[in-house]
1. Looking only at residues in the stretch 1-23 that are in contact with a helix residue (DSSP H, G or I) (Cβ under 8 Å, 6 or more places away or on another chain) and without any contact (Cβ under 8 Å) to a residue 40 or more places away in the chain, which one is surrounded by the fewest Cβ atoms within 10 Å (Cβ to Cβ)?
2. Here's a check for you: in the stretch 178-194, which residue that is more than 18 Å from E213 (Cβ to Cβ) and open to solvent by 90 Å² or more (accessible area, probe 1.4 Å) is modelled with the lowest pLDDT?
3. Quick one: V33 ticks every box in (1) in contact with a helix residue (DSSP H, G or I) (Cβ under 9 Å, 6 or more places away or on another chain); (2) within 19 Å of V70 (Cβ to Cβ) except a single one, so which number is it?
4. Which ones in the stretch 117-155 are more than 17 Å from the chain's Cα centre (by Cα), part of a helix (DSSP H, G or I) and hydrophobic (A, V, I, L, M, F, W, C)?
5. Between T107, T164, which is free of Cβ contacts under 8 Å to residues at least 24 places away in the same chain and part of a strand (DSSP E or B)?
6. It is to be established whether one or more residues within the stretch 172-190 are within 19 Å of the chain's Cα centre (by Cα) and charged (D, E, K, R).
7. Tally time: how many residues in the stretch 73-94 are more than 17 Å from the chain's Cα centre (by Cα) and either more than 19 Å from E10 (Cβ to Cβ) or in a strand (DSSP E or B) (or both)?
8. Test each condition in (1) modelled with pLDDT of 90 or more; (2) touching a His at 6+ places or on another chain (Cβ under 7 Å); (3) open to solvent by 40 Å² or more (accessible area, probe 1.4 Å) for R175 and report the one that comes out false.
Amino acid sequence: MPRTVPEIVEVVRHALETIDASALSDVFAEDAVYELPFRSERIEGRDAILAALTAGGVRGRALGLEKTEVTVTLSATGFVLELVAVGRTFRFPSSVGIVTVADGQITSYRDYPNTAGVSSAARAVFDAFLAASVENRWDDLADLYAEDVVIEMPFTPAGVERFTKGREELRRRFRAAAAVRRIVKADNVVVHETADPAVLVAEFDLHQELGGETFAVSYVMVMTVDGGRITYSRDYADTAASAERIRRFRESSPAGQ
């Protein structure tokens, strides 16, 4: 006996909530059509649709998607799906889909994704990075990085290590800096989206205090997010000026005398 629309809804709801497209293998008709009108894309056939939905799930998980909240409204020809993407650092409306059902199977799925929201995952990680920095929450800041993160600082002076590798090494450096330096505020923040939703470029200034001296440092950060954490970052700043500032601080402190 063909599935009823409510039965199909429950299968689809479970698949979307758990980000498991394989659960949809027998609810699409063999000649079903999946369309993305915002992108002028049309995918025909059950196997091709399942491959596309599976790939979308993989991309979502790479950006830190943990689950999808699903709201369903029944219609005269099937049902409407309203989806909200949820991750560790973000929650945003992700798409609305118009689903047509005939003879117990989905024959058409017109999907309207929130194209602006796709980059929200990486932006949410950056916003959490900036908030933790300004509030001097160094352990929270370290936790935003992947365990095997690589930080590259291309402008480091000669003789200074250009790469920092690993979350715990980064945590150790954050804690060491926190003993002598305090972040006061951030401003002039400009975030640039890129063609890759996992990559974000940010410009910002951090106002800081070190040894009674107040100063601002301008940064450019090219950040890659995978699984809701920063996996690679190229950080640009005037490292020569920073090194000179630290040298003066050490010379003026009791330990440096």
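The values are calculated or read from the model by the stated rules, or taken from the named source; none is laboratory data. Please read all numbers here as calculations on a predicted model, not as lab measurements. When we count neighbours, we look across all protein chains shown, and the Cβ atoms used for this are built from the backbone with ideal geometry, even at glycine. Accessible surface areas use protein heavy atoms only, side chains included; no ligands, DNA or RNA. Shrake-Rupley method; radii C 1.70, N 1.55, O 1.52, S 1.80 Å.
1. S22
2. Out of the qualifying residues, it is E193.
3. (2)
4. V134, W138
5. T164
6. No, the stretch 172-190 contains no residue that is within 19 Å of the chain's Cα centre (by Cα) and charged (D, E, K, R).
7. The number of residues fulfilling the criteria is 9.
8. For R175, the exception is condition (2).
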